[in-house]
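Colleague: To start, I am sharing the structure in question, which I have written as structure tokens.
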Amino acid sequence: MKKWTPLHEAPEPLEGNVVATITGGTVIWFVLFLVQLPFYGWFDDHGHLWWLWAPLAGGGLGLIGIWYVRKRDEAIRRAAAARAADGAEPAHPA
């Protein structure tokens, strides 16, 4: 098992505009669904109907993701404001 153990520390997580990233991905999923919708009959005839429903599921999960990352960002901002009000240093530099 030792040969699979990393010899270096894990890098810091990348932070960016997560809300915009998730929103963009969600829009892409819904566009893929709408683009494929006119071909419903072809998908049904060839047994590929899941190709139509997969992007719809991705868009639905993306809506949950948007809700989640917005709440996460709000919680991070509240925690940073509370630390600033207490005069404490931030846990990690942003």
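Yes/no per residue for (1) over 19 Å from the mean Cα position of the chain (by Cα); (2) at pLDDT below 95; (3) under 30 Å from residue 13 (Cβ atoms); (4) hydrophobic (A, V, I, L, M, F, W, C):
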site: 35; (1), (2), (3), (4): yes, no, no, yes
site: 67; (1), (2), (3), (4): no, no, yes, yes
site: 80; (1), (2), (3), (4): yes, yes, yes, yes
site: 87; (1), (2), (3), (4): yes, yes, yes, no
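Colleague: Answer with yes or no whether residue 26 is in contact (Cβ under 8 Å) with a residue 24 or more places away in the chain, in a helix (DSSP H, G or I) and of a type in the set (Ser, Thr, Tyr).
Modeller: yes
Colleague: Go through the range 1-37 and report how many residues are loosely packed, with under 10 Cβ neighbours inside 10 Å and more than 21 Å from residue 69 (Cα to Cα).
Modeller: Within the range 1-37, residues that are loosely packed, with under 10 Cβ neighbours inside 10 Å and more than 21 Å from residue 69 (Cα to Cα) number 11.
Colleague: Based on this model, can you work out whether residue 41 counts as in a helix (DSSP H, G or I), within 30 Å of residue 71 (Cβ to Cβ), free of Cβ contacts under 8 Å to residues at least 40 places away in the same chain and of a type in the set (Gly, Ala, Ser)?
Modeller: Considered against the rule, which asks whether it is in a helix (DSSP H, G or I), within 30 Å of residue 71 (Cβ to Cβ), free of Cβ contacts under 8 Å to residues at least 40 places away in the same chain and of a type in the set (Gly, Ala, Ser), residue 41 comes out as no.
Colleague: Give the residues of the range 51-71 that are touching a helix residue (DSSP H, G or I) at 6+ places or on another chain (Cβ under 8 Å), within 11 Å of residue 36 (Cα to Cα) and surrounded by fewer than 16 Cβ atoms within 10 Å (Cβ to Cβ), sorted by residue number.
Modeller: 51
The values are calculated or read from the model by the stated rules, or taken from the named source; none is laboratory data. Everything quoted here is computed from the prediction, not taken from an experiment. Neighbour counts are summed over all protein chains in view; Cβ atoms, including those assigned to glycine, are modelled from backbone coordinates with ideal geometry.
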